[in-house]
Structure formats: structure tokens, C-alpha cells
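> Got a structure here, written out as C-alpha cells. Questions coming.
The values are calculated or read from the model by the stated rules, or taken from the named source; none is laboratory data. All values reported here derive from a predicted model rather than from experimental measurement. Positions of Cβ are generated from backbone atoms using ideal geometry, with glycine treated the same way; all protein chains shown enter the neighbour counts.
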Amino acid sequence: MRLTPIKELVTLQKMDIMDKIDALTKTLLYEKVAVIHAAFEDAPTTVAFVEVKKDATINEKLEAAFVKTNSINDGWWNNEGVTKMFDGGACRSTSMGDMVLIGNTKYKCEMTGWSEV
């Protein structure tokens, strides 16, 4: 069944409004943190922005960024909530010695846990 032009326009407007509501909700509930690879590189390089829950603790945000930038069954850059910032088709997983920037504070991945830089 084909929609009339007016019904089609209304449907498109509703979809646009829902997209805007989804974007606003995401902005209110999530923040982006930067993942910086430095362990094996000549210079620190931002490889991704990762969405984490705003109300999560610092440690929860760090762990979420770490997990989302590690390849398990697929390249980590395909994970939901990850914006790839590197050139090329692939990038190594986040490792000990890499960093995550939350707000203005940088944290370094240690053998166990994180330290503030």
C-alpha cells in the first residue's frame, strides 16, 4: 500500500523528530571520552572517541573505554558507541601504557587498574 504524499511527509517528519529525541537523550545520558594509544607508538595518538554513561564512576568509564577498544569477535572500531579516529582499516587494541582522557584528566592503563597522569 502506497502512502499519500501528505501521509508520507508526516511519517518522515515523525521519523525526524524521533531521531532528534534519540540524539538529545543520548547527549543527556552519555559523554565521549578519548582513547589515546601511547604504549607502542612514537607519539601519543587519539584512536577513538567512546561513549560512556555520564553517571558512571571514573573507573567504570575507564573500563568501558578499554573494553570497547579491544577486539574480541570483530574489530573494536565496529563496536557500538565507538567513533574511529585512526586512518586505515585496522588498529591494535588498547593495552597497558595507553591512556583515556575523561574531561581534562588523563588516565594511564596499568598492569592492574588505572593511574592519573
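> Quick test for you: out of 63, 51, 31, 41, pick the one residue that is over 18 Å from the mean Cα position of the chain (by Cα), under 30 Å from residue 90 (Cα atoms) and among the charged types (D, E, K, R).
41 is the lone residue from the list that is over 18 Å from the mean Cα position of the chain (by Cα), under 30 Å from residue 90 (Cα atoms) and among the charged types (D, E, K, R).
> So residue 39 fits all but one of (1) of a type outside the set (Phe, Trp, Tyr); (2) more than 20 Å from residue 111 (Cα to Cα); (3) modelled with pLDDT of 80 or more; what number is the exception?
(2)
> Among the residues of segment 66-105, which ones are under 10 Å from the mean Cα position of the chain (by Cα) and hydroxyl-bearing (Ser, Thr, Tyr)?
Scanning segment 66-105 gives 69, 83.
> So which pairs qualify, if the first residue must be in segment 78-89 and among the basic types (Lys, Arg), the second must be surrounded by 16 or more Cβ atoms within 10 Å (Cβ to Cβ) and assigned to a helix (DSSP H, G or I), the Cβ gap must be under 6 Å, and the two must be at least 6 apart or on different chains?
Close Cβ pairs satisfying both conditions: 84/77.
> Shifting gears a bit: Being loosely packed, with under 14 Cβ neighbours inside 10 Å, touching a residue at least 12 places away in the same chain (Cβ under 8 Å) and assigned to a helix (DSSP H, G or I) is the filter here, so list the residues in segment 29-76 that pass it.
Of everything in segment 29-76, those that are loosely packed, with under 14 Cβ neighbours inside 10 Å, touching a residue at least 12 places away in the same chain (Cβ under 8 Å) and assigned to a helix (DSSP H, G or I) turn out to be 29, 59.
> Something else about it: Taking residue 97 and the conditions (1) in a loop (DSSP other than H, G, I, E, B); (2) in contact with a strand residue (DSSP E or B) (Cβ under 9 Å, 6 or more places away or on another chain); (3) more than 20 Å from residue 117 (Cβ to Cβ), which numbered condition does it fall short on, given that it satisfies the others?
Tallying (1) in a loop (DSSP other than H, G, I, E, B); (2) in contact with a strand residue (DSSP E or B) (Cβ under 9 Å, 6 or more places away or on another chain); (3) more than 20 Å from residue 117 (Cβ to Cβ), residue 97 fails exactly one: (3).
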